[in-house]
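Report on one structure; see the data block that follows.
The values are calculated or read from the model by the stated rules, or taken from the named source; none is laboratory data. What you see is a predicted model, and the numbers here were worked out from it, not measured in a lab. Cβ sites come from the backbone with ideal geometry, for glycine too, and all protein chains shown count toward neighbours. Areas reflect the complete protein model, heavy atoms only, side chains present, ligands, DNA and RNA absent. Shrake-Rupley method; radii C 1.70, N 1.55, O 1.52, S 1.80 Å.
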Amino acid sequence: MNDNAKSNAPRLDAEEILAGIRRWVEIETPSHDGAAVNRLVDTVEGELRTIGARVERTPGRDGFGDVLQAKAPWGRDDEPYILLLGHLDTVHPTGALATTHRFRREGDSVFGPGIYDMKSGSYMALHALRHFVREGRQTPLPVRIMYVPEEEVGSPTSRAAIEAEARGAKYCLVMEPARDGGRCVTARKGVGRFVMQIGGRAAHAGVRHQDGRSAIKEAARQILAIEGMTDYAAGVTTNVGLVSGGSGVNVVPAACTLEIDLRVPDAATGDAAVARILGLQAQDPDCPVVVTGGMNRPPYGKNPGIAALFDHARGLAAELGFELNDVPLTGGGSDGNFTAALGIPTLDGLGADGRGAHALDEQIYYSSLVQRTQLLLRLLETLR
Ligand SMILES: [Zn+2]
């Protein structure tokens, strides 16, 4: 660490940061429970107002929670700004906190539902703003924070607002969790989602089997065709993740529904894969197949703007005494896909280090809290 960095190094308290994260983790926020998410939105809105941020809260739609947008107390509204992006929902059902994901600290690991993806990172964004306010300092560029209520289901109700906010941004910093030893994310695959509805003809499985046309048998053929599009070398994966169909074990099934997830490394590959999936035809002409869907999150690569932003962050990390690397291409989507696809230099994965996103062992590393918050502060101080 050089002297300059030392003298500028903000005084951050890991215990205080963890206490703030704990406040947010202990309000459980499954994406589909808008009322639950809004209880956390209330808390976050209150914390933002306490530091003097100008807050705008947009009521949720379709049962989801509200969208929060905040501006730091300083900066002009007509200037390009740094957008900090986070989500307040988690994949965990209410009750996880009391059972599978009790909040607890074991050595360097701190557990809790959604603590890694991504309540820590979301909290760190607010903590960073609070830090500047306390020190009476401002950043060269205005700073805005946006908290989304339903990222884990693809941000269906907030996408337009994310894109509108991103269009005015000079940089977008996404506070999603760090990867594999503190790496940040500079490229993400695109995500496609599809539903395939397969018809058939019901018949008694014992008496009139020959009259039936099995939608599930057709589904089996379609599943093999869809899964066969996976090409690891090309970075393309297809997954039939949900199957439902049939009405009774003694009935030839007249309907079956498949839900399909697609991941692609770039837009051209995505267009081709989408066309293939939407073009799937029934193999049994008596079993009509209807496919709907398309790309949900566009892919993004490490373009020159993203590379320059990453290099800058890497230099700041070196001043702070640690090495910052990036992951070449992650299959996980985030709201960073939307901002990067608009051409806004986007750096993702700036949140806490840890592991087990969406899993039973979801955890953050306590030792990463100050380091990652420091890196965020330095980014906010130095981006121009
Ligand atoms: Zn996330």
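Glu176 passes all but one of (1) within 16 Å of the ligand (Cβ to nearest atom); (2) modelled with pLDDT under 95; which number fails?
Result: Glu176 passes all but (2).
Which residues, counting only those in region 100-152, are within 12 Å of the ligand (Cβ to nearest atom) and among the small types (Gly, Ala, Ser)?
Gly114, Ser120, Gly121, Ser122
Six or more apart or on different chains, Cβ atoms under 6 Å: show the pairs whose first residue is in region 328-342 and touching a residue at least 60 places away in the same chain (Cβ under 8 Å) and whose second is within 14 Å of the ligand (Cβ to nearest atom) and assigned to a helix (DSSP H, G or I).
Short answer, once both residue conditions are applied: Asp335/Glu151; Asp335/Ile162; Phe338/Ile162.
Could you check region 211-301 for strands (runs of 3 or more DSSP E) lying wholly inside it with 1 or more residues that are modelled with pLDDT of 95 or more and in contact with a Ser or Thr (Cβ under 7 Å, 6 or more places away or on another chain)? Walk me through how you get there before you give the answer.
Values: elements: 237-245, 255-264, 289-297.
Hits in region 211-301: 237-245, 255-264.
What do you reckon, is Ala273 hydrophobic (A, V, I, L, M, F, W, C), under 25 Å from Ala233 (Cβ atoms) and in contact with a Phe, Trp or Tyr (Cβ under 6 Å, 6 or more places away or on another chain)?
Numbers: hydrophobic (A, V, I, L, M, F, W, C): yes; under 25 Å from Ala233 (Cβ atoms): yes; in contact with a Phe, Trp or Tyr (Cβ under 6 Å, 6 or more places away or on another chain): no.
For Ala273, the condition - hydrophobic (A, V, I, L, M, F, W, C), under 25 Å from Ala233 (Cβ atoms) and in contact with a Phe, Trp or Tyr (Cβ under 6 Å, 6 or more places away or on another chain) - is not met.
I'm trying to understand the selection: among the residues of region 59-87, which are within 11 Å of Gly34 (Cβ to Cβ) and surrounded by fewer than 19 Cβ atoms within 10 Å (Cβ to Cβ)?
Pro59, Arg61, Asp62, Gly63
If a residue must be out of contact with any Gly (no Cβ under 9 Å at 6 or more places or on another chain) and assigned to a helix (DSSP H, G or I), how many such residues does region 133-151 contain?
Selection size over region 133-151: 2.
Would region 352-359 turn up any residue that is surrounded by fewer than 23 Cβ atoms within 10 Å (Cβ to Cβ), among the hydrophobic types (A, V, I, L, M, F, W, C), more than 16 Å from the ligand (Cβ to nearest atom) and not in a strand (DSSP E or B)?
no
Which ones in region 165-210 are surrounded by fewer than 24 Cβ atoms within 10 Å (Cβ to Cβ), assigned to a loop (DSSP other than H, G, I, E, B) and charged (D, E, K, R)?
Asp180, Arg208, listed by residue number.
Quick check on region 176-184. Is at least one of its residues in contact (Cβ under 8 Å) with a residue 12 or more places away in the chain and among the aliphatic types (A, V, I, L, M)? Quick ask: steps written out before the conclusion?
Within region 176-184, the first condition is being in contact (Cβ under 8 Å) with a residue 12 or more places away in the chain, and the residues that meet it are 176-184.
Checking which are among the aliphatic types (A, V, I, L, M) leaves us with 178.
Taking every residue of region 176-184 in turn, at least one turns out to be in contact (Cβ under 8 Å) with a residue 12 or more places away in the chain and among the aliphatic types (A, V, I, L, M).
Go through (1) open to solvent by 60 Å² or more (accessible area, probe 1.4 Å); (2) assigned to a loop (DSSP other than H, G, I, E, B) one by one and return the number of the condition Ala318 breaks.
Just one mismatch for Ala318, condition (2).
Scan region 321-332 for residues that are more than 16 Å from Arg378 (Cβ to Cβ) and either buried (at least 23 other Cβ atoms within 10 Å of the Cβ) or away from the ligand (no atom under 16 Å from the Cβ) (or both) and jot them down. First the steps, then the outcome.
At the first step, the residues of region 321-332 found to be more than 16 Å from Arg378 (Cβ to Cβ) are 325-332.
Across region 321-332, the qualifying residues are Asn325, Asp326, Pro328, Leu329.
List every residue pair whose Cβ atoms lie under 6 Å apart, where the two residues are 6 or more positions apart in sequence or sit on different chains, the first residue falls within region 57-82 and is at pLDDT 95 or above, and the second residue, located anywhere, is among the basic types (Lys, Arg) and open to solvent by less than 60 Å² (accessible area, probe 1.4 Å).
Lys71/Arg144; Tyr81/Arg144
For region 219-240, name all the residues that are without any contact (Cβ under 8 Å) to a residue 60 or more places away in the chain and either open to solvent by 50 Å² or more (accessible area, probe 1.4 Å) or farther than 27 Å from Gly333 by Cβ (or both). Let's see the steps before the verdict.
Within region 219-240, the subset without any contact (Cβ under 8 Å) to a residue 60 or more places away in the chain is 219-220, 223-234, 236, 238-240.
Answer for region 219-240, where residues must be without any contact (Cβ under 8 Å) to a residue 60 or more places away in the chain and either open to solvent by 50 Å² or more (accessible area, probe 1.4 Å) or farther than 27 Å from Gly333 by Cβ (or both): Ala220, Leu224, Glu227, Gly228, Asp231, Tyr232, Ala233, Asn239.
With the condition kept exactly as written, say whether any residue in region 334-351 is modelled with pLDDT under 95, touching a strand residue (DSSP E or B) at 6+ places or on another chain (Cβ under 6 Å), within 29 Å of Ile226 (Cβ to Cβ) and open to solvent by 40 Å² or more (accessible area, probe 1.4 Å).
Scanning region 334-351, I find at least one residue that is modelled with pLDDT under 95, touching a strand residue (DSSP E or B) at 6+ places or on another chain (Cβ under 6 Å), within 29 Å of Ile226 (Cβ to Cβ) and open to solvent by 40 Å² or more (accessible area, probe 1.4 Å), so the answer is yes.
When you check Arg159 against the structure, is it within 16 Å of Asp326 (Cα to Cα), of a type in the set (Lys, Arg) and either at pLDDT below 95 or open to solvent by 10 Å² or more (accessible area, probe 1.4 Å) (or both), yes or no?
Working: within 16 Å of Asp326 (Cα to Cα): no; of a type in the set (Lys, Arg): yes; either at pLDDT below 95 or open to solvent by 10 Å² or more (accessible area, probe 1.4 Å) (or both): yes.
No: the conditions fail for Arg159.
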